[in-house]
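One structure is given here, and the rest of the page talks about it.
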Amino acid sequence: MRVESVTSTQDIARPLPVGSIVVAEHQSAGRGRLDRRWESPPGTALLVSFVLPSNPLLSLAAGVAAAEACGDEVRLKWPNDLLLHGAKVGGILVEMMAGKAICGIGINLTWAPVGAAMLNRDRDLLLEELRVELERWSAAEADVVLARWRELSDTLGRRVRVEMAGKVIEGIAQDIGQGGELIVDGTPVIFGSVIHL
Ligand code: BT5
């Protein structure tokens, strides 16, 4: 489904069946995680939500799919950022519902906020590649997703600061666990914001 201006593609996708795809020109209330805003002027980004079967590793699988679709230069920052030469070029927001998940992906194409990056790719071609990769990776075995995520990661092996609800830790991002959690100096982190130090 292609729409012009919406609050968020996530809102339009929510009542739709598995297999639906919503693409918008513009979002007046694009969302990130934790009620943060996702900004992009009309027509400057790929803004899409996919309705997929529930899958506990979907956020990481979607990251892998998006990185594969974007090309060699794009790497992943835990849990869900797409980085181009170290700057954020896109993000992923997975909202779980009964029996399905709404997977929102935003990728900057011709505009980016200060300090962020843009990809400068044709939107429809990128969407088609993303659709194919997402179909593949959202259905892949957990171990295969985790292995590819590790290869594409820009986070593992780095010193990081993790901000969790009410707590901050610093250490080396050693690995991701079976559930997709980030292991920082032996401590599993399930939710949080990571800063690469
Ligand atoms: C994300 O959240 O990175 C997930 C973004 C998902 C956006 C898509 S667009 C289609 C679908 N519909 C929606 O409403 N959302 C999804 P998070 O990790 O919380 O990052 C949000 C933070 O990124 C903000 O607080 C800003 O600091 C920054 N930011 C906002 N807009 C950006 C942009 N265009 N490019 C880079 N960074 C941005």
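The values are calculated or read from the model by the stated rules, or taken from the named source; none is laboratory data. Given the structure is predicted, the values throughout are model-derived calculations rather than measurements. In this analysis, Cβ positions are derived from the backbone assuming ideal geometry, glycine residues included, and neighbour counts consider all displayed protein chains.
With respect to Val184, determine if the residue is of a type in the set (A, V, I, L, M, F, W, C), modelled with pLDDT of 95 or more and surrounded by fewer than 16 Cβ atoms within 10 Å (Cβ to Cβ). First the steps, then the outcome.
Details: of a type in the set (A, V, I, L, M, F, W, C): yes; modelled with pLDDT of 95 or more: yes; surrounded by fewer than 16 Cβ atoms within 10 Å (Cβ to Cβ): no.
Judged against the criteria, Val184 is not a match.
Just wondering, is there one or more residues in segment 151-159 that are hydroxyl-bearing (Ser, Thr, Tyr) and either within 30 Å of Asp185 (Cβ to Cβ) or modelled with pLDDT under 95 (or both)?
Of all residues in segment 151-159, those hydroxyl-bearing (Ser, Thr, Tyr) come to 153, 155.
After this cut, where a residue has to be either within 30 Å of Asp185 (Cβ to Cβ) or modelled with pLDDT under 95 (or both) as well, the list is 153, 155.
The answer is yes, given that some residue of segment 151-159 is hydroxyl-bearing (Ser, Thr, Tyr) and either within 30 Å of Asp185 (Cβ to Cβ) or modelled with pLDDT under 95 (or both).
Does segment 162-171 include one or more residues that are hydrophobic (A, V, I, L, M, F, W, C), out of contact with any Lys or Arg (no Cβ under 9 Å at 6 or more places or on another chain) and part of a helix (DSSP H, G or I)?
First, the residues of segment 162-171 that are hydrophobic (A, V, I, L, M, F, W, C): 162, 164-165, 168-169.
Imposing the further condition that a residue be out of contact with any Lys or Arg (no Cβ under 9 Å at 6 or more places or on another chain) reduces the set to 162, 164-165.
So of that shortlist, the ones also part of a helix (DSSP H, G or I) come out as none.
Checked against the condition, which is being hydrophobic (A, V, I, L, M, F, W, C), out of contact with any Lys or Arg (no Cβ under 9 Å at 6 or more places or on another chain) and part of a helix (DSSP H, G or I), segment 162-171 yields no hits at all.
Pick from segment 146-161 the residues that are of a type outside the set (Gly, Ala, Ser) and assigned to a loop (DSSP other than H, G, I, E, B): which of them is farthest from Asp72 (Cα to Cα)? Before the answer, list the steps.
Filtering segment 146-161 for residues of a type outside the set (Gly, Ala, Ser) gives 146, 148-152, 154-156, 158-161.
After this cut, where a residue has to be assigned to a loop (DSSP other than H, G, I, E, B) as well, the list is 154-156, 158.
Numbers: Asp154: 13, Thr155: 16, Leu156: 18, Arg158: 20 Å.
Filtering first and then ranking leaves Arg158.
Report the residue count in segment 3-21 for those that are away from the ligand (no atom under 13 Å from the Cβ) and touching an Asp or Glu at 6+ places or on another chain (Cβ under 8 Å).
Let us first name the residues in segment 3-21 that are away from the ligand (no atom under 13 Å from the Cβ), namely 4, 15-20.
Add one more test, that the residue is touching an Asp or Glu at 6+ places or on another chain (Cβ under 8 Å), and what stays is 4.
Of the residues in segment 3-21, 1 are away from the ligand (no atom under 13 Å from the Cβ) and touching an Asp or Glu at 6+ places or on another chain (Cβ under 8 Å).
Starting from residues that are of a type in the set (Val, Ile, Thr) and within 10 Å of the ligand (Cβ to nearest atom), keep the ones in segment 29-62 and report whichever is farthest from the chain's Cα centre (by Cα).
Thr44
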